[in-house]
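Inspection log for the structure reproduced underneath, given as structure tokens.
Values quoted throughout were computed directly from the atomic coordinates according to the rules given, and no laboratory measurement underlies them. Values in this document were obtained by computation on a predicted structure and should not be read as measured data. Please note: Cβ atoms are built from the backbone with ideal geometry, for glycine as well, and neighbour counts cover all protein chains shown.
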Amino acid sequence: MNKLWIDERYCKGCLICIDACPTKAIRPSEKLNSKGYRLPIEENMALCKACEICVLMCPDFAIAVSEE
Amino acid sequence: MSNSHMLRPGSYYFQGNEACIEGAIMAGSRVYAGYPITPATEVMEAAARRFPQVGGRFIQMEDEISSACLLIGASWGGAKALTGTSSPGFSLMQEAISFGIISETPFVIVDVQRPGPGQGYITSGQEDVMQARWGHHGEGSLIALAPSSVQEMFDFTILAFNYAEQWRTPVILLADETVGHMRKRLKIPPLGEINIVNRKKPQEMGIRPEDYLPFGGSEVPLMANWGEGYNVNVVGLVHQPDGHVTRYSPELDYQCIDRKLRKIEDNVDKIAKIDTRFMADIEHLIICYGTPSRTALEAVMEAREEKGVPIGYLRLITLWPFPEGMLRKLIPQVDTIFVPEMNLGMMMHPIREALRDKAKRFVSIPSMGTLHSPDLILSKIYEELRK
Amino acid sequence: MKHPMLKYMKETGPCGDRLPTILCPGCGAGQVLNYTLHAVDQIIKEDKIAKERFLFISGIGCSSRLTTHYLNFDSAWTLHGRAPAVATGALLANPEFKIILFTGDGDVGAIGGNHFIHVCRRNLDMTILCMNNALYGMTGGQVAPTTPRGDYTTTTPYGNVENSFVLCKLAEVAGASYVARWTTAHPQQAIRSIKHGIRKKGTSFIEILSQCPVHAKKSAVEILRSYKTKTVKAKNAEKGDNRIPIGEFLDIEQPEWFESFQKIIDSFASEERKDQNE
């Protein structure tokens, strides 16, 4: 199953990656982090195809996906 | 770099504006950008003819603003770059000069001054001498030189580039229409005899790109150029020594900017150049700069020989940084200090500020739009001495 | 694990950490930086071009903050509108630079208009990426030359009464060689255009409609979705279609400045040519 990695230092919770994901493998977290942002978390990584559209569209270089 | 088109050593007959370009070529300058303006256009036309001959690049830009901004890019790109303009164009270059000061970018601007303000006129003037030092917004200092002959248009352009590279600063060559359009003999020495200074690079000191500080590390920071693998981030915002720009504080502002001011002002004794004659046992003194120095020297010699007036002659070659300490050491107590300027009294201000207790009277001798005649200076001297 | 483009950025430096960027959450400029670094990465790998040859220059504004201190490349964060002039200077010193200009609609269309026109006219070899959010973002949302007629901004509180610039048409008429418009919602096309612009000799102008969620008062996701619906591929557009045309508008070959000037320099190296005064 592919692994999702979010850099909590850089992510600003803009949610562009979640909207862009074609298989809806990720969703916004219910909790706000210490900066007040909703970080993306795994919804169902079995759906993730590592297309890396999330990596492409992130404005803050805060997301990575590894194929496993 | 082609050497076959550089002038061979010897004696030539040159116009001042054109001599400036020969000096630039000798100093190793290979980038010129400019915009036409009287009385500086010949500087640009000479560059257009000569720079391609020696492997350099010339471009006529759409205005003076872009000409000056171009120098920033050319300098960090590794070239010695210059532009020539006159007073109205010089006003447009202040933003780029300001950027050059905070980013410590070496380049040379030749200002062939003319009367102002506004369109003013197209003859000679020295009305930008304050603007050169204070016209850019913000703090920080720079170096300004005042040539008075065709030979000095050549020599001081080389000196301007040397100072720019040595101190990592913009340097202004404050010429005027008189010396710009003057035609006289120019002596070109062999290239091996000319002292050329180049910027110090971190590669020479074995400093790795990760450790390189473009705006710190020494009194005059080392300068890596773009394209050398040093990933230099050039910035104009108040910054840390490594170019970091997002942690502003008043303390950072003070440290960042104060160093740039001190870099020049604390080294005034190494930078300033002064020429003195007839300084023994004087009761009066002429302090002059630029082309009026030619007339002032004539006037001093005539006053001494014909009327026995004990008057000395002091010429400022560098106007900025202003050499207050040097002047106070050189000048004894005198009765009157005369300052002939092609303006209504501009350098008179720092002169009076520095020497307030050294003379009883400070007398401006203005000449607007034209070079002083010896009679103008002499009549003012004799008039004051009669009082 | 980390984002693949972080290798091209300075996460930290001798004087401290530099990321996260100062950009607002969802800022289109951040996305354009991502697309640009992808394009540069592919060119470095495919064309075997040394990373040292790349040079990023910007003016002033949110889009121009991409260079500041984030890039692990040679860069300059210069004066408002003057980036094209600084870039021209860098090329005059070394024509080998691959220059990418980050600018905004105000930086290149208002204060920098004249310099932009003449860079295009000279067809200097650089790629101009204009992030168009149709207003001045950094200073709080004032009207810009690209703001649509009727829009309300802080300096048009009663509605904009001016026409808006079509920067792509300006680039074309001024003499650029490659002109394209995409949006931040078209990443693959934007990357392809940026790559083509960098490879192409001459001035490449790529306008990218880029969201400012703060001043538009909408979420980034909302604006990105609208970019898909309110734009149309120019070659598919029918007469009367009011949607914003996107795509590649111009792609021509014409003499580039340095190629032409080098011929003059070379003529002196071989001593063929005489000055007209001699």
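Data overview
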| item | result |
| --- | --- |
| The stretch C:74-134-the stretch B:200-216 distance, computed between alpha-carbon centres (Å) | 28 |
| Alpha carbon centroid spacing (whole Å) that separates the stretch B:219-272 from the stretch C:1-54 | 25 |
| GNM result for chain B, Cα springs below 10 Å: residue of B:369, B:138, B:229 fluctuating most strongly | B:229 |
| Stokes-Einstein translational diffusion, the stretch B:275-386 - Kirkwood Rh over all Cα pairs, 1.567 mPa s, 4 °C, in µm²/s | 94 |
| Rg(Cα)/(2.2 N^0.38 Å) for the stretch B:10-193, N = residue count | 0.92 |
| Positive-end residue of C:219, C:171, C:206, charge dipole of the stretch C:145-245 with Cβ unit charges | C:206 |
| Global size of chain A as Cα Rg and Dmax, reported in angstrom | 10.9, 32 |
| Virtual spin-label span in nm between residue B:208 and residue B:335, 7 Å along Cα→Cβ | 7.1 |
| Helix-derived mean residue ellipticity, 222 nm - over chain B, DSSP H n ≥ 4, -39500 (n - 2.57), to 500 | -11000 deg cm²/dmol |
| Residue-count net charge about residue C:257 - beta-carbon cut-off 9 Å; Lys, Arg +1, Asp, Glu -1 | -2 |
| Cleavage-rule hits (GluC sites (Glu not before Pro)) in the stretch A:1-62: DSSP loop, at most 10 neighbouring Cβ within 10 angstrom | A:30 |
| Residue of B:161, B:362, B:107 that the Gaussian network model of chain B assigns the largest fluctuation, springs spanning Cα pairs under 10 Å | B:362 |
| Per-pair calculated FRET efficiency, R0 = 30 Å: residue B:185 and residue B:280 via Cβ, rounded to 0.05 | 0.45 |
| Mean Kyte hydropathy of -1.0 or more with a Cα span along the axis of at least 24 Å, helices from DSSP in chain B | B:150-167 |
| Dipole moment magnitude, nearest 20 debye, the stretch A:1-60 about Cα centre, only Lys, Arg, Asp, Glu C-beta charged | 100 |
| For residue C:159, net neighbour charge (Lys/Arg +1, Asp/Glu -1) across residues whose Cβ lies under 13 Å away | -1 |
| Inter-probe distance in nm under a simple model that places probes 7 Å from Cα toward Cβ, at residue B:349 and residue C:252 | 5.3 |
| Relative contact order, percent, chain B [alpha-carbon distance under 8 Å, six or more residues apart] | 16 |
| Surrounding net charge for residue B:266, when Lys and Arg each add one and Asp and Glu each subtract one, Cβ distance under 12 Å | +1 |
| Estimated FRET transfer efficiency (residue B:195, residue B:257; beta-carbon r; R0 30 Å; 0.05) | 0.45 |
| Antiparallel bridge percentage (DSSP; both residues within chain C; nearest 5) | 20 |
| For the stretch B:179-198 and the stretch C:148-198, distance of Cα centres in Å | 50 |
| Contact order normalised by residue count of the stretch B:275-386, Cα under 8 Å, 6+ apart, percent | 31 |
| Residue C:151-residue C:238 FRET efficiency (beta carbon distance; Förster radius 30 Å; 0.05 resolution) | 0.70 |
| Number of partner chain Cβ atoms within 10 Å, mean per residue of C:20-27 | 6 |
| Relative contact order of the stretch C:141-266, pairs being alpha-carbon contacts under 8 Å that are 6 or more residues apart, as % | 22 |
| Shape of the stretch B:202-266, Cα gyration tensor, a/c cut at 1.5 | oblate |
| Net dipole in debye of chain B [+1 Lys, Arg Cβ; -1 Asp, Glu Cβ; about Cα centre; nearest 20] | 640 |
| Shape call, the protein assembly as shown: gyration tensor on alpha carbons, a/c limit 1.5 | prolate |
